[in-house]
Structure formats: structure tokens, C-alpha cells
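Here's the structure we're looking at; comments come further down.
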Amino acid sequence: MATLTIEQMQPKLVQQFAQIIARGQLAHGYLLAGAQGVGKMQLAQWLALRLFCQQVNEDNQPCYQCPECQRILTGNHPDVVEIKPDGKSIKIADIRYLKQEVAKSGMESSQRLFIIEAAETLTASAANSLLKFLEEPAPNVYAILCTSNKNLMLPTILSRLQVIDLANLPKEMVRQQFEEAQILPAQAQLLSHLTSDLTQAQQLLAEDWLMQVVAKITSWAQKVAQKDLESFVTIQTQLLPLLTDRSQQKIALNLIGLWYQDLLNCRYDLAGDLCFSEYRTQLNTISQQMTAAEIVAQTEFVLTAQRTFEQNVSCQNVLESLTLNLIAVA
């Protein structure tokens, strides 16, 4: 189960699309939106399989075995074209290529499918060029765009597509997948609160980066609970040196939020699904030393800090201000 199938990840959407295609009601363009690892590209590939499969079964599912399915699975089908970022973005040259392909008739069928991965990385010129394509769709040509952040998409592009929000995967399913990929249970439990994507989880564990950050954050949080001003030193000398870019800083702030979520769960005796399961004893002790109202107030400060960070305030300023607010409540 280390690799989840789309039928496991998004069973409701698979069934809905199977019925839509069986009725001949597939729209010309869709935006599949959701967090990394929830199955966006897998669903796009399933749509290709279902459209071209020669032996669709009685449940309206592709067979995965016929020559058409096999060519799609190996990326060799001439009427299924996939575009992904070249480096950090999808450029206008990529969209020009797509348009050239659209101008051709289907190589082996009357329909064509285009899949655009990480559509939020479209440059402004590429997005505007794509818009013209979406405004005048060719018959039997379908476009599937996938994004992890639809807020970065042009509103005009969103208005031309049917937006499908993919549900987050159950944490238990994600945790089990991680464990079957040889990730330690406690680490799998923590990672399941951060990502649904196995590749990203393994990257976070590389060179022990994540566990170092967890150790510094839990040390800092315990000092905050004791109103220990050394918590400021922990930020400056131990935590920040590990956070070399905005993405790592965002993960750290997410972990801080999860720590205070765990405190609330412990305070209300809901400790069955702790993110920081290895720190259960410390969390229980701290949660019993504070009132529920105090923990809620601290959690609200953390949420405010996360929003402030998203406004491009420096991580150091956010963490130092957060520490002051938390100590005042603790």
C-alpha cells in the first residue's frame, strides 16, 4: 500500500466522473485543486484511462490492461499530452506547443486530452495565452489543470473551468502509507499532519532536518510554558539557523500550531491522534498546568502569527512577537 491508488484516495470523485463520462457529459475543462499528495495527477490520469480504454468494465472503470491503457500508464499515448513546469514555471512556449497539438486532429481517435501539472506556475504571458484556448475549446478536446494553490490562478481562467476541490486524505490512511514505506511510526504520525505526499515526507526526513526542527520547537515550547526568557535565545541560536527559506519557515510555524492543537486535545482528553505523540507526557503536564481558556488564547496567537508570516513579515520577527504573546498568557 506504499503507493495509493486513485480509487483509494478519491473514491467518490472516481465514481462521479465514471458516471459523467458514461452519460457523455464531461466538460471541456476542469481544475483539480488540492494539497500535495491528495491525487490530482492520478485523477487526471484516471480520466485519460477512462476516456480511451477499449475494455471499460461494467462499473464504468478502465481496465488498465488494454493497449490504450498501457500506453497512457507509460506516458506514450499520442492523444494524451502532459505539460509540466520547465524549471519553476510553465512558459508561453509550452502553451504554444499545446495549441499546435490542439490544431491537429486526434492521432488515433476523435478526442484529445491535455493535462497541465502545477498550473499555478503559469507565467502571466502563458496564462493569458491559455485563456484564449479555454475561451474557444475545440470539439472533443479536454483540458485538465492541476494546482496546489488555486488562489494563484487568474480569476479569468478559473471562470472558464469547472473547479473540483479534492478532499484531504484520512490521516490514518496517510500514516499507514508512510509506515509501509519504512518510516518510523512516530515520524509517520507527525508527518501525516504535515503532508499526504510520500515523496515530500521523505524529503522532509532527509538529513534528519525535520526531527532537528521538531526537537528545537518542543524545547522552545516547553520553555515558553515555564515563562523562561531563554526561549528567545532558542529561537535565535537554535531554531532559525535550521530555517533557511520561507518554505521551511512555514513548516516550522505549522508545527508550532500543531503543538498547541495537541495541548488542547490533551486538555480535553482527546489525545488519541496527537501529532507529537512522542511528547505525550510533556503535553499532558503542560495542559494540566493551564486553563482551557489560556490554551485557546495561545492557539489564537499562533494562528495570528501564521497569518502575519503570510504577509511577508520576517520569520524572526514573527517568532519573537509570538513568544512574547505566549509568555504573557502562560
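Give the dimensionless ratio obtained when the Cα radius of gyration of the chain is divided by 2.2 N^0.38 Å. Can you show the working numbers first?
Details: Rg = 23.5 Å, N = 330, 2.2 N^0.38 = 19.9 Å.
This ratio for the chain stands at 1.18.
Of the chymotrypsin sites (Phe, Trp or Tyr not before Pro) found in segment 19-103, the ones in coil according to DSSP and having at most 15 other Cβ atoms within 10 Å of their Cβ are Tyr64. Value of Rg to Rh for segment 211-272, rounded to two decimals, is 1.01; Kirkwood radius and Rg both from alpha-carbon coordinates. Largest mean-square fluctuation among Pro85, Pro155, Pro170, in a Gaussian network model of the chain whose springs join Cα atoms under 10 Å apart, belongs to Pro155. For segment 133-185, the C-alpha radius of gyration sits at 1.76 times the compact-globule guess of 2.2 N^0.38 Å, with N the residue count. Heavy-atom surface analysis with a 1.4 Å probe gives the chain a carbon and sulfur content of 49 percent of its accessible area.
With a 1.4 Å probe and all protein chains left in place, how much accessible area per residue does segment 201-258 have, in Å²? All intermediate terms of the calculation are to be shown ahead of the outcome.
On the way: 2640 Å² over 58 residues.
Averaged over the residues of segment 201-258, the accessible area is 45 Å².
Each principal axis of the Cα atoms in segment 130-228 has its own extent, and those three values, largest first, are 63, 36, 24 angstrom. Here the chain is assigned +1 on the Cβ of each Lys and Arg and -1 on the Cβ of each Asp and Glu. Its dipole about the Cα centre then comes out at about 700 debye. In the chain, a dipole from Cβ-located charges (positive for Lys and Arg, negative for Asp and Glu) runs towards its positive end, and of Val102, Ala27, Thr195 it is Val102 whose Cα lies farthest in that direction. Computed from backbone phi, the HN-Hα couplings of segment 42-55 come to 5, 5, 4, 5, 4, 4, 5, 4, 5, 5, 9, 4, 8, 9 Hz, rounded to whole numbers (Karplus: 6.51 cos²θ - 1.76 cosθ + 1.60, θ = phi - 60°; Gly and Pro given as x). In terms of its alpha-carbon gyration tensor, segment 58-175 comes out oblate; a/c meets the 1.5 threshold, while b/c is at least as large as a/b. Taking segment 140-174 and a reference point 7 angstrom along Cα→Cβ of Leu131, the backbone N atoms nearer than 11 Å belong to 154-160. Amide H contacts of Glu82: Ile115, each under 5 Å away and 5 or more positions distant or on a separate chain (H built 1.01 Å from N in the peptide plane; Pro and chain starts excluded).
Rounded to the nearest whole Hz, the Karplus-based 3J(HN,Hα) values (6.51 cos²θ - 1.76 cosθ + 1.60, θ = phi - 60°) of segment 83-95 follow the sequence 10, 9, x, 9, x, 9, 8, 9, 9, 4, 4, 5, 6, with x at glycine and proline.
Place a +1 charge on the Cβ of each Lys and Arg in segment 41-123 and a -1 charge on the Cβ of each Asp and Glu, then give the dipole magnitude about the Cα centre in debye, rounded to the nearest 20. Each step should come with its number before you reach the end.
On the way: 9 positive and 11 negative charges, 71 e Å.
About 340 debye.
Here is how the number arises for the chain: DSSP H runs of 4 or more residues each give -39500 (n - 2.57), the sum is divided by the residue count, and the result at 222 nm is -16000 deg cm²/dmol.
For a 26 Å ceiling on Cα separation, which of these pairs sit above it: Lys104/Lys132; Lys88/Lys171; Lys88/Lys132; Lys171/Lys250; Lys40/Lys216? Long pairs (Cα-Cα over 26 Å): Lys88/Lys171; Lys40/Lys216. Its relative contact order, with pairs defined as Cα atoms under 8 Å and 6+ residues apart, puts the chain at 16 percent. Summarising the amide proton neighbourhood of Tyr142: residues at separation of 5 or more, or on other chains, whose placed amide H is nearer than 5 Å comprise Arg112, Leu113, Phe114.
Computed with a 1.4 Å probe over protein heavy atoms only, the accessible area of Thr281 comes to about 100 Å². In sequence order, segment 133-138 has phi-based couplings of 5, 6, 5, 10, x, 6 Hz under the Karplus curve 6.51 cos²θ - 1.76 cosθ + 1.60, θ = phi - 60°, and Gly or Pro positions carry x.
Within the straight-line cut-off of under 20 Å between alpha carbons, the aspartates and glutamates reachable from Lys227 are Asp262, Glu294, Glu300, Glu320, sequence neighbours fewer than 8 places apart in one chain being disregarded.
Under 1.5 on a/c is rounded, so check that first for segment 68-134, then, if it is not, pick prolate when a/b is larger than b/c and oblate when it is not; a ≥ b ≥ c are the square roots of the alpha carbon gyration tensor eigenvalues. Oblate, since a/c reaches 1.5 and b/c is not below a/b. A probe of 1.4 angstrom, applied to the heavy atoms of all protein chains, finds Asp228 with accessible area near 50 square angstrom. How many angstrom separate the Cα center of segment 197-242 from the Cα center of segment 1-39? Value for the Cα centre distance between the two parts: 37 Å.
Would you mind classifying segment 178-330 by shape? Square roots of the alpha carbon gyration tensor eigenvalues, ordered a ≥ b ≥ c; an a/c under 1.5 is rounded, otherwise it is prolate if a/b is larger than b/c and oblate if not. Judged from the Cα gyration tensor, segment 178-330 comes out oblate (a/c at least 1.5, b/c at or above a/b).
The values are calculated or read from the model by the stated rules, or taken from the named source; none is laboratory data. Everything numeric in this text was worked out from a predicted model, so none of it was measured. No Cβ is skipped: glycine too gets one built from the backbone with ideal geometry, and neighbour counts run over all protein chains shown. All accessible areas refer to the heavy atoms of the entire protein, side chains included, with ligands and DNA or RNA removed. Shrake-Rupley method; radii C 1.70, N 1.55, O 1.52, S 1.80 Å.
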